[in-house]
Amino acid sequence: MQTLDLASTSLRDVNATLQALTDASNATQWEILNPRGAHAIAVGLDAPVDVTVRGSTGYYCAGMNKHATVHVTGSAGPGVAENMMSGTVVIDGDASQYAGATGRGGLLVVKGNAASRCGISMKGIDIVVHGNIGHMSAFMGQAGNLVVCGDAGDALGDSLYEARIFVRGAVKGLGADCIEKEMRAEHLDMLRVLLQRAECDANPEDFRRYGSARKLYNFDIDNAAAY
């Protein structure tokens, strides 16, 4: 395993080293020491490498990730895995606001809780939160899956498009145009796979599914009060 220490190496140099890796690189296992809440750690990675961050991070950790697996052994600040394309990001602790925002692919796993706006404007990413999520999560979610093993805050799925939301616990309130939907066999199968990938032993049959009522796709005067 290759080691990069932020106590002695600048963040710019650490990221430049990781961003320079390619599919042909021999060094595929990396660890980052002494993150001490630094921002934008391990952003823009574009190779199938494993990076372990030993501690907690600031905002935008693992942003724009593609192909890489990034594991944070602590908690993460706002915007973790923002605009993620593919690969896997795992947070052992909690995640702050807008985790997985605008993510287009890949898997984000938060083993603690996630704060407000988790999965905002998600565009294909899969997000599994072992704990609870805050308000306005999956706001304008376009595609992908948000799985919540705990409770969800207010205005869940507000202005949702075609992203799917699965919640095991209580939902404080649904946002505009978000409704509970039937949990069919294909949803249980998909959820089972996501939970396994996220190393969560929750029972898929304990979850409820939420999605768009599809009434806000186009402006309709009869729905003006809902906008």
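What follows is calculated from the coordinates using simple rules that are stated; it is not laboratory data. The shown structure was predicted, so the numbers you read here are calculated from the model rather than taken from an experiment. Using ideal geometry, Cβ is built from the backbone for each residue, glycine included, and neighbour counts are taken over all protein chains shown.
Here's the list of lysines a cross-link from residue 181 could span, going by alpha-carbon distance under 29 Å and ignoring same-chain residues fewer than 8 apart: 111, 123, 172, 215. Partners of residue 66 within straight-line reach, counting aspartates and glutamates whose Cα lies under 15 Å from its Cα and excluding those fewer than 8 residues away in the same chain: 23, 46, 50, 82, 126.
Counted over the range 2-226, the DSSP beta bridges are approximately 15% antiparallel.
Ordered by the number of other Cβ atoms lying within 10 Å of each residue's own Cβ, fewest first, 193, 148 fall into the sequence 193, 148. This structure gives log10 I(q)/I(0) by the Debye sum over Cα atoms at q = 0.12, 0.15 Å⁻¹, computed directly, and of (1) -0.61, -0.89; (2) -0.63, -1.00; (3) -0.73, -1.13 that value is listed as (1). Of the trypsin sites (Lys or Arg not before Pro) in the range 124-227, the ones in a loop by DSSP (not H, G, I, E or B) with at most 15 other beta carbons within 10 Å are 172, 184, 214, 215. Summing -39500 (n - 2.57) over the DSSP H runs of n ≥ 4 in the chain and dividing by its residue number, what mean residue ellipticity at 222 nm do you reach, to the nearest 500 deg cm²/dmol? Calculated from helices alone, the mean residue ellipticity at 222 nm is -3000 deg cm²/dmol.
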